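Asks: Attaching a single structure in structure tokens format; questions to follow.
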Amino acid sequence: MLAYFPKVYPDELLYSVLARYHRHVGAPSPSHTLEELFGNRHVTATFDLPGHLQSLADQIPSDRGLSVDCIIDNLTLFPYFTAFEPPTVKAKARSLMRNGDIDGLHVRLGLSAFRIGRHPQLRFCPDCVLEMKGEHGELWWRRVDQLPSVQVCPEHGGLLMDSTVSFSQISRHVFIAATSKNCPLRSRPMAQMTDQACKAHLWRIAQRSAELLHRPIAARTLSNWTAFYRNQMLNAGLAKSIRSMDQLRLVDDFRNFYGNALEKLPAIIVNNRMAGDWLASMVRKHRKANHPLYHLLIQDFLAQRELSESKSPFGVGPWPCANPLATHDSKTPIKGFTQHRNRGNTVGVFTCTCGYVYTRCFDSSKCSLGLPRFLSYGPLLEPALRELVRAGSGLRAVGRYLHLDPKTVVRLAIQLGIENTWQRPLRKKGKHPVATAIVQTPVVPMQQTIRVETVPRKLQRRPRYDWVEIDRGWVAKLNAWVIVVLEEIPPVRITIAELERRIGKRDWLLKRRQRLPSTMEFLGQVVETTEDFQLRRVHWVIAELERRGDQVRAWQVMRAAGLRSDKMGAIKAIIEATPTYSKIAA
């Protein structure tokens, strides 16, 4: 058992506790200290996610009240780095910190995949140092100061300073306690900052980071995080629908909101762009873990946006139901609604339990809320409409009763298969008779009335376009672009859509295929099938390997061409048919 174990202060790092123990017992060597603390002299003296903590907890006197889970939750950065991980990953990380080797823990948590690394030096807040000396007479490393998302002290708002303890200059097996010598108050701040708005953003992010340490959030799966951010984007007016996010507007608003603060955070902005396109991936489907700093930034942005904006344009719920056929216990039975963007306006979709659905549109340019518009009636419509038709009610009377436009009533009756007398018979298509009109000419020498026989306007129209010439021109343009696409490296498949995109006429040709026979015949000759494109790509890969002087292997060709394993036989046949090679290295 350990005879001495230092008192634990709030928000203290386990690194501080072990360093003070090392200084108190005066261990002759770091290996001796590690052997006494962990029972293993090869343990790494890390400050963020240490391992072998069960062995340490077993040797701490029981009156200290430090179980292994208490150490993990209150003395390490585990609550921060696992705050947004799925429950299974979080449990595995805790298990490794208890009993296992933590060499691959950063990889398992996905932290190694991000450009955000740990700061090369331990950090401190000068105001906190003065308080520590005055209240406790000694210093310690605060765990919140070592978080990558914290640039200012969450309590005082002052800029953090770098200590003289650098990880590149000390041994991996030594614990160094915080002292006035390695935490000099005359140190330079991590970053010079005069912009108060920028400092306010960083202070708010630091406070959110500290909350993750003291009040961990409930674990969510990746699919739950996807749904969470999509709903937040909808509420913030940054989504076109539940599945389509307005990415361009998100990036613009996000950068305008934070301003220069993004440049002070590690690896958020690189070459004036979001590093690794992380912001777009946060509001897409979550397929992998994201760094806690990314979560903190996007959540803070959406929360501040919600606070800065006025109340919902649709008011505070619940909302009324406009169905005249339903009887509800309450005048406002609708408890919630969904919204999406349509041409810059916000559209709310209100669905009642009776099946009635209506929409309301908020015009942001005029700041006006439109009237409810019918969208769907639900199961109560068909029996009521049949009864009205059977009673011989007029179309307008039925529309007033159902609160619908007469044309909408006719359309719904047709959809439900209800026979009625409201439908007008379709007019038969026929030739327009030649009309005769009398035209009075105001300026006639003899002041006489001239009787002129005119032809209807539709029969007077002449073809507006010379489609023969247009057809010939399209063949020439397509032929030129086919040559361009064939020269693309890597190969690009020749399709109608690809050629239309190159010319700048998307969805133009197929809508006019009947007027462009030569163009359609040309496209039938040059457009590639999937098999044709795969074959051309295989030949290109073989030529590339030959140009580099590499040996052609079937599996390399398959992988480079993006084909599946069932094409291996065809690839081998192509390689055998190539005269340059006499055999295949499969």
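Asks: Kindly establish whether THR353 is at negative phi, in contact with a Cys (Cβ under 9 Å, 6 or more places away or on another chain), buried (at least 18 other Cβ atoms within 10 Å of the Cβ) and modelled with pLDDT under 90. Show your work before the answer.
Replies: On the way: at negative phi: yes; in contact with a Cys (Cβ under 9 Å, 6 or more places away or on another chain): yes; buried (at least 18 other Cβ atoms within 10 Å of the Cβ): no; modelled with pLDDT under 90: yes.
Considered against the rule, which asks whether it is at negative phi, in contact with a Cys (Cβ under 9 Å, 6 or more places away or on another chain), buried (at least 18 other Cβ atoms within 10 Å of the Cβ) and modelled with pLDDT under 90, THR353 comes out as no.
Asks: Exactly one of (1) without any contact (Cβ under 8 Å) to a residue 40 or more places away in the chain; (2) touching a Gly at 6+ places or on another chain (Cβ under 8 Å) is unmet by VAL152. Its number?
Replies: (1)
Asks: If you take the residues in the stretch 99-153 that are among the basic types (Lys, Arg) and over 27 Å from PRO184 (Cβ atoms), which one is farthest from the chain's Cα centre (by Cα)?
Replies: Top of the filtered list is ARG108.
Asks: Of all residues in the stretch 358-388, which are buried (at least 18 other Cβ atoms within 10 Å of the Cβ) and in contact with a Ser or Thr (Cβ under 6 Å, 6 or more places away or on another chain)?
Replies: Answer for the stretch 358-388, where residues must be buried (at least 18 other Cβ atoms within 10 Å of the Cβ) and in contact with a Ser or Thr (Cβ under 6 Å, 6 or more places away or on another chain): just PHE362.
Asks: For the stretch 254-290: of the residues being outside any helix (DSSP H, G or I) and on the phi > 0 side of the Ramachandran plot, which is surrounded by the most Cβ atoms within 10 Å (Cβ to Cβ)? Let's see the steps before the verdict.
Replies: Narrowing the stretch 254-290 to residues outside any helix (DSSP H, G or I): 259-260, 265-274, 283-290.
The next check asks that each one be on the phi > 0 side of the Ramachandran plot; those that pass are 259, 267, 271-272.
Working: GLY259: 12, ALA267: 15, ASN271: 5, ASN272: 7.
That would be ALA267.
Asks: Scan the stretch 128-149 residue by residue and report those that are free of Cβ contacts under 8 Å to residues at least 60 places away in the same chain and under 26 Å from ILE268 (Cα atoms).
Replies: Of everything in the stretch 128-149, just one residue is free of Cβ contacts under 8 Å to residues at least 60 places away in the same chain and under 26 Å from ILE268 (Cα atoms), namely ASP145.
Asks: Are there any helices (runs of 4 or more DSSP H) wholly within the stretch 1-110 with 2 or more residues that are basic (Lys, Arg), and if so which? Break it down into steps so the answer makes sense when it comes.
Replies: On the way: elements: 14-25, 30-38, 53-59, 68-75, 78-81, 87-99, 105-108.
Those helices (runs of 4 or more DSSP H) span 14-25, 87-99.
Asks: Within the stretch 332-348, does at least one residue satisfy the condition of being closer than 17 Å to TYR229 by Cα, assigned to a helix (DSSP H, G or I) and not hydrophobic (A, V, I, L, M, F, W, C)?
Replies: No, that holds for no residue.
Asks: Which residue, of ILE71, ILE116, is surrounded by 14 or more Cβ atoms within 10 Å (Cβ to Cβ) and either touching a His at 6+ places or on another chain (Cβ under 8 Å) or polar (S, T, N, Q) (or both)?
Replies: Step by step, each of ILE71, ILE116 is checked, and only ILE116 is surrounded by 14 or more Cβ atoms within 10 Å (Cβ to Cβ) and either touching a His at 6+ places or on another chain (Cβ under 8 Å) or polar (S, T, N, Q) (or both).
Asks: If you take the residues in the stretch 186-205 that are among the aliphatic types (A, V, I, L, M) and touching an Asp or Glu at 6+ places or on another chain (Cβ under 7 Å), which one is modelled with the highest pLDDT? If you could, list the steps in order and put the result at the bottom.
Replies: Pass one, the stretch 186-205, residues among the aliphatic types (A, V, I, L, M): 190-191, 193, 197, 200, 202, 205.
Now narrow it down to the ones that are touching an Asp or Glu at 6+ places or on another chain (Cβ under 7 Å): 190, 205.
Working: MET190: 60, ILE205: 94.
Within the stretch 186-205, the match that is modelled with the highest pLDDT is ILE205.
Asks: Go through the residues of the stretch 217-231 one by one and say whether even a single one is under 15 Å from LEU296 (Cα atoms), surrounded by 18 or more Cβ atoms within 10 Å (Cβ to Cβ) and in contact with a Cys (Cβ under 7 Å, 6 or more places away or on another chain).
Replies: No.
Asks: Residues being in a loop (DSSP other than H, G, I, E, B) and touching a Pro at 6+ places or on another chain (Cβ under 7 Å): count how many of those fall in the stretch 215-244. Break it down stepwise before answering.
Replies: Of the residues in the stretch 215-244, the ones in a loop (DSSP other than H, G, I, E, B) are 215-221, 236-238, 240-244.
Subsequent filtering for residues that are touching a Pro at 6+ places or on another chain (Cβ under 7 Å) retains 216, 219, 221.
Of the residues in the stretch 215-244, 3 are in a loop (DSSP other than H, G, I, E, B) and touching a Pro at 6+ places or on another chain (Cβ under 7 Å).
Asks: When you look at PRO86, is it touching a residue at least 24 places away in the same chain (Cβ under 8 Å) and surrounded by 14 or more Cβ atoms within 10 Å (Cβ to Cβ), yes or no?
Replies: On the way: touching a residue at least 24 places away in the same chain (Cβ under 8 Å): yes; surrounded by 14 or more Cβ atoms within 10 Å (Cβ to Cβ): yes.
Yes.
Here is a yes/no grid of residues against (1) buried (at least 18 other Cβ atoms within 10 Å of the Cβ); (2) assigned to a helix (DSSP H, G or I); (3) without any contact (Cβ under 8 Å) to a residue 24 or more places away in the chain:
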residue	(1), (2), (3)
VAL165	yes, no, no
SER171	no, no, no
LYS181	no, no, yes
HIS201	yes, yes, no
LEU213	yes, yes, no
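The values are calculated or read from the model by the stated rules, or taken from the named source; none is laboratory data. Worth saying up front: this structure is predicted, and the values here are computed from it rather than measured. Counting neighbours? That spans all protein chains shown, and the Cβs are built from the backbone with ideal geometry, glycine included.
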